[in-house]
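The structure appears right after this line, and notes come after that.
Laboratory data are not the source of any read-out in this text; all were calculated from the coordinates shown. Everything numeric here is computed off the predicted structure, so don't read it as measured data. Note: ideal-geometry Cβ built from the backbone for every residue, glycine included; neighbour counts use all protein chains shown.
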């Protein structure tokens, strides 16, 4: 970086230099700030091309004492510069106890069309030595694929992919990365989709999507291979050929939607095997929603709707008569079958405005006015009972007498649910609120007031079931949210209020709580979530650095982590030229090498509390504060930490400490997890230059899997 005072140099007695092509040297040794080092080579070849070139990736070496794997070589391999559009890196690990790993990573891009990356990781892990009582063997793998299409490539079709699937224990056991955020996440999800728009009148949209959802705790995997959706834009059959639509008749509209799925529910151990298809189900649902809307008395908006749905299935069930004490087992019947359902509804709503003005003659208060907006809505919905799709099977005693008949439907395992056999008639009430204020601008040159939200939303909702024989009133649900401190702090809250009382066994009874010696409502659950993100520019009026945000999102998509590093940074130990991006920090004029006038910093806070009292538990079910921050102590020293505190269990949550030093042409970082069964650390120092990145020192202590 500094040619006048180089941080390092290679000293040689023989050299042949071909400008812009190559350099060949004889015996060579390395000096750091003029001090000779034992790092030496008998000869060396340095390609001078400006293009990416293929070559060997030198491995890291060390010893894994925590898991008795012995000495190792990690992340050694070969980099293939296939073309200007695609590359490939093949990396491998080997441990002297027989453990090994393989990694393939490829990046591709075509300007104005698409870009993406693919990665595959396989590890065969042996703990201890064969024959010892603590010996264990496991194999894990992970596949990641991210693909995005440029918006200019094709306006009528789009293809995208975000894939992260593999072994459920991959993020807990992998020896090649510190999976801080992923270790705390118990869900893996993937989606590959293609959509196409057929222009015309009406317009038709078609999409094909393959999805994957995996719970790493239960090791349950849900796949849809694929989901097909087709929809037609709304058609107004009675609308005038020109002008606006008026009245209920002209606003009548309908559309046609179709959704088909092939769904597989399996487990981690059966994934990729033939058995995973044994319980697969397929189905298709067609729906035709018909709606219209109009105004009455100029201030009330009325909407009515009818929805018709037909469901197709390729498998139904049959239940046979059973004797007392037996359990009815459904018998699958393959073949096409269908059922039709429909429902109707209507709603009426309006908007009310209230204003309180603080301005008076001769006074110019800070808060000039407060406006309250209320949006009440009353709805009604009715759904008939579809008894024609229900049958019964008999329960027979030892004498052959039928003592009971149990109702069931042959569509009970339908992909899109079963038809309802209960008549429903319900009235719903909801009230939405928001409160905003007009305040005097801090800028004296501005003549107009600024508008800020005091309460973004505060919503109440409940319902009354006319067809129910008891417990007709649904619990009142309250939720709201707002932003304060210059929109840096987000606050969201919610609660559920039940009007009915509990009996001595804590079961809900058909008696109002106020008539049972209690209050009007029982608070059955509540939650509060607060997030706060700020940095050294938060109060200076500067906007967000979009380039940094994009880089954080790109890094998160590659490593399947969070953009805010709230649970720590995921660190990939693979060759850093594949993942890292050099930061070219533009130093302020006030900063110099020894003194940092401005200290860039970031802080992210997240507070969550949940209360549960459904059956008189009266307890806080979760209560924690998470925080993550970074600060540059000097122009080249940066420290950071991610942690939290669990107030319910009185202990710190997963904690990570980070230290980084920018050494001009070099970089150094140290990551430390000080406690928990994931206790570990990683130290790295190496040259930034892609040409010399093999000159590095990397040491780490892996988490002890026995813990």
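Descriptive notes on the structure:
- For the peptides 4-10, 263-269, the ranking by mean Cβ contacts within 10 Å, running from highest to lowest, is 263-269, 4-10.
- Each stretch of four or more DSSP H residues adds -39500 (n - 2.57); spread over every residue of the chain, this sum gives -1000 deg cm²/dmol at 222 nm.
- Annotation for segment 279-300 versus segment 621-695: alpha-carbon center distance of 51 Å.
- Note on 601, 637: ascending count of other Cβ atoms within 10 Å places them as 637, 601, the fewest first.
- Protection-proxy order for peptides 346-354, 129-137, each taking the mean of Cβ atoms within 10 Å per residue, highest first: 346-354, 129-137
- Computed over all pairs of different Cα atoms, the Kirkwood value for the hydrodynamic radius of the chain is 32.1 Å.
- Degrees separating the helix 546-559 axis from the principal Cα axis of the chain, which is the longest one: 90 degrees
- When each of the peptides 607-619, 663-675 is scored by how many other beta carbons lie within 10 Å of its residues on average, the order from highest to lowest is 663-675, 607-619.
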